[in-house]
1. Could you compute how much accessible surface Ile70 exposes when probed at 1.4 Å, giving the result in Å² to the nearest 10?
2. So, taking all protein chains as they sit and a 1.4 Å probe, how much accessible area belongs to Thr154, in Å² rounded to tens?
3. Under the Karplus relation 6.51 cos²θ - 1.76 cosθ + 1.60, θ = phi - 60°, what is the ordered set of whole-Hz ³J(HN,Hα) values for the stretch 114-130, x standing for Gly and Pro?
4. Step through the residues of the stretch 151-166 one at a time and calculate ³J(HN,Hα) from phi using the Karplus curve (6.51 cos²θ - 1.76 cosθ + 1.60, θ = phi - 60°), rounding each to whole Hz and writing x for Gly and Pro.
5. If packing is taken as the mean number of other Cβ atoms within 10 Å per residue, what is the order of 119-130, 85-96, highest first?
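The values are calculated or read from the model by the stated rules, or taken from the named source; none is laboratory data. The structure presented is a predicted model; accordingly, all values stated were derived computationally and were not measured. Counting neighbours? That spans all protein chains shown, and the Cβs are built from the backbone with ideal geometry, glycine included. Surface areas here come from the heavy atoms of the whole protein model, side chains and all, with no ligands, DNA or RNA. Shrake-Rupley method; radii C 1.70, N 1.55, O 1.52, S 1.80 Å.
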Amino acid sequence: MLRAIAPIISCFGMLAIVACGGRDPVADGADNTAGLPVINEAAPDATGAPPTNSVQESNANDLPGASARIPAALHGRWGLGPNDCMPERGDAKGLLIISADDLRFYESRAVPASDIEVGEDSISGNFAFTGEGQSWTKFQALKAQGNQLVRTETNPAASFTYAKCT
């Protein structure tokens with residue numbers, strides 16, 4: 001009896017594999033964004049007060065901690081890839097330009113906002129970002145290591161290594 005059932009079970013197993021063997025894990029037209037958290041949405045604080053976005057304006061003078069100066073060791077042009085350091089390229093999406101007052105990315109700008117810690121060759125804390133009609137706050141840590149700059153951010157966690165442009 002067991003020998004008679006075994007071929008039937010293996011046929012059902014093969015059918016299950018074939019049925020689930022599509023190339024795209026999401027069906028056409030399916031809404032695969034349901035239930036995902038909104039990135040850069042302010043979280044409630046420990047008191048239970050509703051979340052607020054502390055960065056409403058892009059004016060650096062209105063931001064707490066905006067007087068923090070970015071160390072000179074970090075100033076300059078930094079590229080994620082070799083093409084990012086070519087000034088004639090208008091599509092240098094991995095270019096980061098750092099001055100004493102701000103970080104300039106391809107389509108956004110960030111200024112030190114709050115809880116900033118500054119060292120000779122590093123800065124970390126919350127930065128107020130503006131770009132593409134939006135404003136948000138995000139933790140950034142930048143550290144120069146010779147001709148490299150390591151930028152780490154949170155929410156989501158990521159680390160990027162830049163080379164100094166010449």
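1. So the heavy atoms of Ile70 present about 10 Å² to solvent.
2. Roughly 60 Å² of Thr154 is accessible to a 1.4 Å probe.
3. Coupling constants for the stretch 114-130: 8, 6, 8, 10, 10, x, 4, 10, 8, 8, 8, x, 7, 10, 8, 9, 9 Hz.
4. Using θ = phi - 60°, the values come out as 10, 10, 9, 10, 6, x, 5, 7, 10, 10, 10, 9, 9, 5, 6, 9 Hz.
5. 119-130, 85-96
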